[in-house]
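Just below is one structure, and these are the notes that go with it.
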Amino acid sequence: MANSKNALTKTLYYLRHGPRFNRGHSEESVRDRDWEQLYRGRWQHDRVVRSTHGVNCTGSCSWLVHVKDGIVTWETQATDYPSLGEEFPEYEPRGCPRGASYSWYLYNPGRIKFPYVRAELWQLWQEAKARTGNPLEAWRHITADPESRRRYQSVRGKGGWVRASWPEVTELIAAAVLDTVRHWGPDRVVGFSPIPAMSPVSYAGGARFLSLLGGVVLSFYDWYADLPPASPQIWGEQTDVPESADWYNATYFIIWGTNLPMTRTPDAHFLAEARYRGTKVVAVSPDYAEYVKFADCWLAARPGTDAALALAMAHVILREFYVDHPTPYFLDYARRFTDLPFLVTLRPQGDHWVADRFLTARDLGRTGATDAFKPLIWDERTDRPQAPLGTLGHRWETPGQWRLEASSETGDPLEVRLSLLDENAPTRRVRFPYFGGGSSETLEREVPIREVRLGEVTWVVTTVYDLLLAHLGIDRGLGGQYPQGYHDLFPYTPAWQEAITGVKAEDAIRVAREFADNAARTHGRSMIALGAGTNHWYHSDLIYRSIIALVLLTGSQGVNGGGWAHYVGQEKVRPLEGWSTVAFALDWLRPPRQMNGTSFFYFATDQFRYEERPLAPLSVPWGGRYAGMHPADMNALAVRLGWLPFYPQWGRNPLEVVKEARAAGCTSDAEVVEWIARRLVDGAIPWAVEHPDDPANFPRVLFVWRSNLLGSSGKGHEYFLKHLLGASGHPGADPARSWQPEAVEVSPE
């Protein structure tokens, strides 16, 4: 150590004084090379191990980690990725500066290495344990006393941590958990942690503990607005998108709200390389983000207005490539792979009609268990509705039958009709809601229809395609309110979107035309890269669906080099089934208690009592079952009907409820379930969601790991502080003047 210090001293002296070091200022020669050992020592290592960084970029880059004496010294990118072929760029180099410097993070002096407890709580705990001699009784003594509870809760967020030992802290946590289970129920113990892709083993450890305990595992994507809900809404899966290398196959690439060089750093080179082969790149971004520098065209849409731009582009594509100059590839794709040809029922509403629901096989008198889930198309060959193979109902009827086919259930070929419009087609005037004016308005357009009779019942139907054309204002010579051209300031035209987004109408027209023309020429190699940028805006699912409609209308989804590519890129969880079994203790019990975080925090932070305006202006003008219903009442209705898991589930400890059922003579699980159901109906067992401010329904223990819940994930920080933590929160709204629910009880503050 002394030699190293000497060498460092000499090196610093030489760097400071330069040549004078060799002119009598030292007996040693400047040619002494001992100082170089410092540099060599910095890069010395005992072994090299393969690893990656379990962070939430989903890059999963392969790194060579150099280790010395058990300490990570430095890292280099692995260079042995499998080749993608001679005519394709390689995955490597794969990594980013954040990964290269990750070892610095490991040994950062700011990292917490010991457990800490808030000083007020620690003092109360020590005093209560000394008084009772029992950890469980000590925790009960602290939390049952309002003054003690207020004492440690009120100082949350104000520092004051003291260091403790792991045995002491685990005892405190165990006492809190066991006391909660015993007095309130295991579903008052809750856990929140971000995406498992960021260290799956750590996530699984906490989730398994909660699941075995009977606690509640909260969802993560929905609360920090990361998952695009449009994807499961459309396809029933998470984000099954191409891996990043497929960007290179695209010949027209729109980057829409995803900052690829920043969030997909290891893969951004595929985008740069695609440009060298002639791919045109369009960026949609309100600011000059990093990815805009890759673009040939920049559409600077105002934040949160993306749906207007996408709908105007769809207007252009439908006008030019479906109606004026029908594109065979697009029409064939729409019939085979989209819901555009499926039949939708219309119902009368005053002197107009409104779209209702899909016509299904059950509507034709069939009584099979899955017939209500088999939507119908109009078969040109038989001139009547038919159920094509591969719809939702077939998934549960025939194993492996989960592919839409242009053939009937009897095996006969179908000639799928996309539109019901012909020379003799009758029409109905349909009313469409329009919410762009600040309050709900309506648009009235004629659509072609067919009548389907079954006994005394007559169904009036049209296709999704016919409704879409009418809704977006594509005039086909039918009656109603239609724009006269692209520059008519009418809903869904390019001029209409310019007033909303700030993007020039001519730019929107040009990009839509180029995107579709490229897809027509290449059979679908037009791609849109989406990201979580739009997810933080109200109704983001509709923004996403508007954008995804563009790749469906152009036959691009499911094509190499086409479709939508969400920022998660190549994230594919190969061991999902085995991992899920471990993480959620499925080897011990099914199903685990899982709940959407949005509903949980909406009630646990009392944000439901601060709603500022009724939802009536956001409802269709002709009303409906849910028109003007408070969001809290909607949640409560969904819970009562079994649509939405919610915890705590009941206003009583579920362990005690089951004990009562057993005492009442129930011997089997089925009898217990029936006994509980009867008491839920008659009100003997209350729903917790209807009484969120009852102390019996508070979450009592909240585990947060791998997450900065308050700093980055929580929505409504001041409500978290005041109502969830009991700290000094300052909500800006006044509950006394806010919109209050009816079915959900609101207690005075």
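The values are calculated or read from the model by the stated rules, or taken from the named source; none is laboratory data. Values in this document were obtained by computation on a predicted structure and should not be read as measured data. For neighbour counting, all protein chains shown are included, and Cβ atoms are generated from backbone atoms with ideal geometry for every residue, glycine included. For accessibility, only protein heavy atoms count, side chains too; no ligands or nucleic acids. Shrake-Rupley method; radii C 1.70, N 1.55, O 1.52, S 1.80 Å.
Where residues in region 74-95 are under 27 Å from R40 (Cβ atoms) and touching a Pro at 6+ places or on another chain (Cβ under 7 Å), which of them is least open to solvent (accessible area, probe 1.4 Å)?
Here the answer is G95.
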Original post:
Name the pairs: first residue in region 148-162 and under 16 Å from H723 (Cβ atoms), second residue of a type in the set (G, A, S) and open to solvent by less than 40 Å² (accessible area, probe 1.4 Å), Cβ to Cβ under 6 Å, at least 6 apart or on different chains?
Top reply: Q153/G726; R156/A727; G157/A727
**OP:** For residues that are of a type in the set (V, I, T) and outside any strand (DSSP E or B), scanning just region 43-77, find the one that is modelled with the lowest pLDDT.
**Re:** V55
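Among the residues of region 713-749, write down those that are of a type in the set (A, V, I, L, M) and open to solvent by less than 60 Å² (accessible area, probe 1.4 Å).
Once the filter is applied, which keeps residues that are of a type in the set (A, V, I, L, M) and open to solvent by less than 60 Å² (accessible area, probe 1.4 Å), region 713-749 yields L721, L724, L725, A727, A733, A743, V744, V746.
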Original post:
in contact with an Asp or Glu (Cβ under 8 Å, 6 or more places away or on another chain) and over 26 Å from D187 (Cα atoms), is that true of G133?
Top reply: no
**OP:** Being free of Cβ contacts under 8 Å to residues at least 60 places away in the same chain, more than 16 Å from W579 (Cβ to Cβ) and part of a helix (DSSP H, G or I) is the filter here, so list the residues in region 183-225 that pass it.
**Re:** L213
**OP:** Filter region 272-305 down to the residues that are small (G, A, S) and part of a loop (DSSP other than H, G, I, E, B), then identify the one that is farthest from the chain's Cα centre (by Cα).
**Re:** G278
Subject >> V282 vs. criteria under 27 Å from A495 (Cβ atoms), among the β-branched types (V, I, T) and in contact with a Cys (Cβ under 6 Å, 6 or more places away or on another chain) >> reply: yes
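Kindly indicate whether V30 is assigned to a loop (DSSP other than H, G, I, E, B), modelled with pLDDT under 75, among the aliphatic types (A, V, I, L, M) and farther than 30 Å from D226 by Cβ. Spell out the reasoning first.
Values: assigned to a loop (DSSP other than H, G, I, E, B): yes; modelled with pLDDT under 75: yes; among the aliphatic types (A, V, I, L, M): yes; farther than 30 Å from D226 by Cβ: yes.
Spelling it out, V30 is indeed assigned to a loop (DSSP other than H, G, I, E, B), modelled with pLDDT under 75, among the aliphatic types (A, V, I, L, M) and farther than 30 Å from D226 by Cβ.
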Subject >> Cross-chain or 6+ apart pairs with Cβ under 8 Å, region 85-108 first and under 17 Å from R277 (Cα atoms), then exposed (fewer than 12 other Cβ atoms within 10 Å of the Cβ) and among the small types (G, A, S) >> reply: E90/S83
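Any residue at all in region 665-672 that's farther than 20 Å from M595 by Cβ, in contact (Cβ under 8 Å) with a residue 12 or more places away in the chain and open to solvent by 50 Å² or more (accessible area, probe 1.4 Å)? Let's see the steps before the verdict.
Taking region 665-672 as the starting set, the residues that turn out to be farther than 20 Å from M595 by Cβ are 665-672.
From what is left, the residues that are in contact (Cβ under 8 Å) with a residue 12 or more places away in the chain are 672.
Of the ones still in play, those that are also open to solvent by 50 Å² or more (accessible area, probe 1.4 Å) are none.
No, that holds for no residue.
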**OP:** Tell me which of these H539 doesn't satisfy, since it passes every other one: (1) at pLDDT below 95; (2) open to solvent by less than 50 Å² (accessible area, probe 1.4 Å).
**Re:** (2)
Subject >> Subset of region 379-410 (residues that are part of a loop (DSSP other than H, G, I, E, B) and open to solvent by less than 20 Å² (accessible area, probe 1.4 Å)) >> reply: A387, G390, T391
**OP:** Read through the list (1) at pLDDT below 95; (2) among the small types (G, A, S); (3) touching a strand residue (DSSP E or B) at 6+ places or on another chain (Cβ under 8 Å), then give the number of the only condition that A470 fails.
**Re:** (1)
Original post:
Pick from region 81-137 the residues that are among the β-branched types (V, I, T) and at pLDDT 90 or above: which of them is farthest from H66 (Cα to Cα)?
Top reply: T132
Subject >> Set L364, L376, L418: member being more than 24 Å from G455 (Cα to Cα) and either among the hydroxyl-bearing types (S, T, Y) or surrounded by 15 or more Cβ atoms within 10 Å (Cβ to Cβ) (or both) >> reply: L418
Subject >> Verdict on P692 being open to solvent by less than 40 Å² (accessible area, probe 1.4 Å), touching a strand residue (DSSP E or B) at 6+ places or on another chain (Cβ under 9 Å) and either modelled with pLDDT under 85 or not polar (S, T, N, Q) (or both) >> reply: no
